[in-house]
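Structure first, commentary second.
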Ligand SMILES: Nc1ncnc2c1ncn2[C@@H]1O[C@H](COP(=O)(O)OP(=O)(O)OP(=O)(O)O)[C@@H](O)[C@H]1O
Ligand SMILES: [Mg+2]
């Protein structure tokens, strides 16, 4: 078994009176593709956001490669957590690529300029180096001939593939996807899932929140079902889709399959 890249223990998060995450434990291993499924409002997006400290957590810990995400330990036996400095948080986030439902591309920059931005601004690559890398990545996602187009000149599926290339340009150790195809017209979903399938095949470690059960069944090493802020069960796609242990999983699957 590969080593654990991302480890979450007892992660709790509340918004006001509502506890949205009720103590999540999770290990993601190097090279693993984990698909997270569950009803709307079950806490899937919030969980992903906790992984790169876009949300502060109320309890628990998240580690990436053994380093605590978002916080430093203080006090006797390290029980007191203090939030890290913004610079440290940015450094930690650089190792984690994130792709959202909406693509958030810069509208006044071409595809290749969007992909170059991070490596130039954050990694200190020269523009020439960054452009070379960006064109290669756009080629990998099937957009070599669209590299000099503006987002407004691209379809939703193409924009999402640019967003994936942009995340990959930072050479992340882990990629998080939050329903990357759910804002797309049905005929554009396949091209984005195809890129994600290739990425999984290349050995990238991925956590994918998705409603695409076909993708989860085919590509995931493990599927995790969340409901009401808790992990109900997790297992191989075969097991989870054909023989779920919990009634709640069964009920959810009957609504989506
Ligand atoms: N910033 C916020 N402030 C208050 N409540 C929030 C906030 N973000 C999320 N919530 C609430 O937390 C709960 C979990 O939300 P979350 O977006 O994580 O669910 P989800 O599983 O991703 O749902 P969906 O499938 O619809 O995307 C919901 O009840 C939501 O209303
Ligand atoms: Mg969500």
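Read-outs: derived from the displayed coordinates by stated rules, not from any lab. Computed from a predicted structure; not experimentally measured. Quick reminder, even Gly has a Cβ in these numbers, built from the backbone with ideal geometry, and neighbours come from all protein chains shown.
In a Gaussian network model over the chain where Cα atoms closer than 10 Å are linked, find which of 226, 175, 213 has the largest mean-square fluctuation.
Maximum fluctuation in the GNM of the chain, among the listed residues, is at 213.
Taking the number of other C-beta atoms within 10 Å as the exposure measure, put 202, 236, 42, 30 in order starting with the fewest.
So the residues, fewest neighbours to most, are 202, 236, 30, 42.
Considering Cα pairs under 8 angstrom that are at least six residues apart, work out the relative contact order of the chain and quote it in whole percent.
Value for the chain: 25 percent.
Can you list, largest first and rounded to whole Å, the semi-axes you get for the stretch 62-135 by taking the square root of 5 times each eigenvalue of its Cα gyration tensor?
That gives 33, 14, 10 Å for the three semi-axes.
Among 36, 80, 209, whose mean-square fluctuation peaks in a Gaussian network model of the chain (Cα, cutoff 10 Å)?
80
For the chain, give me the percentage of DSSP beta bridges that are antiparallel, rounded to the nearest 5 percent.
60
Please give the calculated 222 nm ellipticity per residue for the chain, where each DSSP H segment of at least 4 residues contributes -39500 (n - 2.57) and the sum is spread over every residue; nearest 500 deg cm²/dmol?
-11000 deg cm²/dmol
Output the Kirkwood hydrodynamic radius of the stretch 1-138, Cα pairs only, in Å rounded to one decimal.
So the Kirkwood estimate lands at 17.2 Å.
Determine the equivalent ellipsoid of the stretch 129-170 by diagonalising the alpha-carbon gyration tensor, then write out the semi-axes as square roots of 5 times the eigenvalues, largest first, rounded to whole Å.
16, 11, 8
Can you tell me the relative contact order of the stretch 168-233? Whole percent, Cα pairs under 8 Å, sequence separation 6 or more.
Contact order relative to length: 34 percent.
Give the distance, in whole Å, between the Cα centre of the stretch 154-168 and the Cα centre of the stretch 61-75.
The stretch 154-168 and the stretch 61-75 have Cα centres spaced 31 Å from each other.
If you average over every viewing direction, what projected area does the convex hull of the Cα atoms of the stretch 90-129 give, in nm²?
3.4
So what's the stretch 145-191 giving for Rg/Rh, alpha carbon basis, Kirkwood Rh from the mean inverse pair distance?
Taking Rg over the Kirkwood Rh, I get 0.98.
Would you mind ranking 110, 255, 210 by Cβ crowding within 10 Å, fewest neighbours first?
Ranked by crowding around the Cβ, least crowded first: 255, 110, 210.
Please compute, for the alpha-carbon atoms of the chain, the extent along each of the three principal axes and give them in descending order in Å.
48, 48, 39 Å, listed from the longest principal axis down.
How big is the Cα convex hull of the stretch 148-257 in projection, averaged over all directions, in nm²?
If you wrap the Cα atoms of the stretch 148-257 in a convex hull and average its projections, you get 8.0 nm².
List the relative contact order of the stretch 1-119 as a percent without decimals, with contacts defined as Cα pairs under 8 Å and 6+ residues apart. Don't skip to the answer; put the middle values down first.
Details: 148 pairs, mean separation 25.8, N = 119.
RCO, the stretch 1-119: 22 percent.
Exposure proxy check: 246, 140, 53, 74 ranked by fewest other beta carbons within 10 Å?
Ordered from fewest to most neighbouring Cβ atoms within 10 Å, 246, 140, 53, 74 come out as 74, 246, 140, 53.
On a C-alpha basis, how far is the centre of the stretch 169-227 from the centre of the stretch 1-41 in Å? Whole number, if you could?
For the stretch 169-227 versus the stretch 1-41, the Cα centre distance is 16 Å.
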